[in-house]
Amino acid sequence: IDTPEIYPKNNIKPFGIEASDYTCTKITRAKVIKLEYDPKSDLKDRYGRYLAWIWVDDNLLQKELVSLGYANRVEKNS
């Protein structure tokens, strides 16, 4: 999820803390969390982070974050 950075602490971006708090709250209060991987994409990015759609109680977390203005929509270059 491409949200504003909050690390290092001396370079916190606008809405970074809000995005982090929202995500942490959604994850910790969730009854069901599902990860969906795209078979046409890499499993991890260049930093070793997993690439997956995150479903929290049947809601797409990335979509929620974008709709709230806490994340940027990222298009894969073709």
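Checking Glu18 against (1) in contact with a strand residue (DSSP E or B) (Cβ under 7 Å, 6 or more places away or on another chain); (2) within 16 Å of Lys63 (Cα to Cα), which single condition isn't satisfied?
Checking Glu18 against (1) in contact with a strand residue (DSSP E or B) (Cβ under 7 Å, 6 or more places away or on another chain); (2) within 16 Å of Lys63 (Cα to Cα), the one that fails is (1).
Which one is most open to solvent (accessible area, probe 1.4 Å) among residues in the stretch 1-29 that are closer than 14 Å to Leu65 by Cβ and of a type in the set (Phe, Trp, Tyr)?
Among those that are closer than 14 Å to Leu65 by Cβ and of a type in the set (Phe, Trp, Tyr), it is Phe15.
Of all residues in the stretch 1-36 being aromatic (Phe, Trp, Tyr) and farther than 18 Å from Arg49 by Cα, which is modelled with the highest pLDDT?
Tyr22
Taking only the stretch 30-52 into account, find how many residues are surrounded by 12 or more Cβ atoms within 10 Å (Cβ to Cβ) and among the small types (Gly, Ala, Ser).
Counting residues in the stretch 30-52 that are surrounded by 12 or more Cβ atoms within 10 Å (Cβ to Cβ) and among the small types (Gly, Ala, Ser) gives 2.
Any idea which of (1) of a type in the set (A, V, I, L, M, F, W, C); (2) at pLDDT below 95; (3) open to solvent by less than 90 Å² (accessible area, probe 1.4 Å) is the one Leu61 doesn't satisfy?
Leu61 satisfies every listed condition except (2).
Give me the residue from the stretch 34-72 that is of a type outside the set (Asp, Glu), in contact with a helix residue (DSSP H, G or I) (Cβ under 8 Å, 6 or more places away or on another chain) and touching a residue at least 24 places away in the same chain (Cβ under 8 Å) and, out of that set, farthest from Pro4 (Cα to Cα).
Val56
The values are calculated or read from the model by the stated rules, or taken from the named source; none is laboratory data. Bear in mind that the values here come from a model prediction, so they are computed numbers and not experimental data. All Cβ positions, even for glycine, are placed from backbone atoms using ideal geometry, and neighbour counts span all protein chains on display. Only protein heavy atoms, including side chains, enter the accessible area calculation; ligands, DNA and RNA are left aside. Shrake-Rupley method; radii C 1.70, N 1.55, O 1.52, S 1.80 Å.
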